[in-house]
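Novice: Handing you this structure, nothing more for now.
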Amino acid sequence: MIVRTEEMKDYEGIFDINVQAFNHRDDEARLVERIRQSNKFIPELSLVGELDDEIVGHALFSEAAVKNENNEETVIVLAPIAVKPALQKQGIGKALIEEGIKRCRALGYDFILLIGHPSYYSKLGFKPARNYGLELTQFEVPDDVFMVYELGENKLGQIKGELVYPEAFFAD
Ligand SMILES: CC(C)(COP(=O)(O)OP(=O)(O)OC[C@H]1O[C@@H](n2cnc3c(N)ncnc32)[C@H](O)[C@@H]1OP(=O)(O)O)[C@@H](O)C(=O)NCCC(=O)NCCS
């Protein structure tokens, strides 16, 4: 399998893989489309996993903000990530996330934040974000599913505030 940047020819495959991975609902597939059309979209951070000319996985890293009284820091959020059901638990998700982490670090972002399964993302280096002064109020979620990955050295605990997901995350 190779991991590469999405291209226009992949849009349909990406839509399909998100529908398949999320119980045949199209909410996450449509979220991808809204983010892609927004100014928070970073083309090289929409990654596909390709196997024998087929899209078997997709991960979208895009921009959001951590805001406090004094500052606003641009951070990355990971959502959604989807792997073809028949090929899950074989390392595809991990490969997509590891490549995304590498690219986000190279681009100079300090954090990747997400809402997701703690048992899965903790294996990949994500930590509970609220332990480090990061907040989330737009979505009501338990503490352990709101997670952060530190890209910049010693930024955890230094940059504090509320993660604010951009408009694209909220359907009309
Ligand atoms: C979540 C998802 C992207 C993970 O991708 P994947 O390719 O199946 O996962 P990987 O094979 O890379 O898993 C890496 C590790 O996590 C484990 N793991 C996988 N899914 C897990 C889960 N739901 N809970 C706990 N651990 C999990 C694997 O066993 C593996 O462990 P190991 O490294 O010790 O062997 C994929 O299962 C998926 O598309 N799920 C449906 C959609 C979804 O829920 N997306 C996430 C919310 S945005």
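Novice: Gain in length, N71 to F22, computed as 0.36 nm per residue apart minus the alpha-carbon separation, to one decimal in nm? Please report the intermediate quantities before stating the final value.
Specialist: Values: separation 49, 0.36 × 49 = 17.64 nm, distance 3.56 nm.
Going from the current span to full extension adds 14.1 nm.
Novice: Right, next: Which whole-number value in Å² is the accessible area per residue of the chain, probe 1.4 Å? Write out the running numbers ahead of the final one.
Specialist: Details: 9210 Å² over 172 residues.
Per-residue accessible area for the chain comes out at 54 Å².
Novice: Let me ask something else. How many nm is it between the label spots at L107 and R130, if each spot is 7 Å from the Cα in line with the beta carbon?
Specialist: Between L107 and R130, the simple spin-label model gives 2.8 nm.
Novice: Suppose we look only past 17 Å in the calculated P(r) of the stretch 25-106. What percent of the Cα-Cα pairs does that tail hold?
Specialist: Every Cα pair in the stretch 25-106 considered, those over 17 Å come to 51 percent.
Novice: With N set to the residue count of the stretch 53-143, report its C-alpha Rg divided by 2.2 N^0.38 Å to two decimal places. Before the final figure, lay out the partial values.
Specialist: Values: Rg = 14.3 Å, N = 91, 2.2 N^0.38 = 12.2 Å.
Against the compact-globule rule of thumb, the ratio is 1.17.
Novice: Taking the simple approach of a point 7 Å from Cα along Cα-to-Cβ for both K160 and R4, what is their distance in nm?
Specialist: For the pair K160/R4, the computed spacing is 4.6 nm.
Novice: Is there a pair in K102/K123; K102/K155; K84/K160; K40/K155; K9/K102 whose C-alpha atoms are over 28 Å apart, and which pairs would that be?
Specialist: Those over the limit are K84/K160.
Novice: As an exercise, identify the chymotrypsin sites (Phe, Trp or Tyr not before Pro) in the stretch 72-172 lying in DSSP coil whose Cβ has no more than 15 other Cβ atoms within 10 Å.
Specialist: Numbers: sites: Y109, F111, Y120, Y121, F126, Y132, F139, F146, Y149, F169, F170; in loops: Y109, F126, F139, F170.
In loop regions of the stretch 72-172 (DSSP not H, G, I, E or B), the sparsely surrounded chymotrypsin sites (Phe, Trp or Tyr not before Pro) are F139, F170.
Novice: Could you check the spin-label model distance between R30 and E98? Points 7 Å from the Cα along Cα→Cβ, value in nm.
Specialist: It works out to 3.6 nm between the two label points.
Novice: Test of understanding: express the Cα radius of gyration of the chain as a ratio to 2.2 N^0.38 Å, with N the residue count.
Specialist: 0.99
The values are calculated or read from the model by the stated rules, or taken from the named source; none is laboratory data. Fair warning: this is a prediction, and the values are worked out from it, not measured in the lab. For neighbour counting, all protein chains shown are included, and Cβ atoms are generated from backbone atoms with ideal geometry for every residue, glycine included. Note: areas computed on protein heavy atoms with side chains; ligands, DNA, RNA excluded. Shrake-Rupley method; radii C 1.70, N 1.55, O 1.52, S 1.80 Å.
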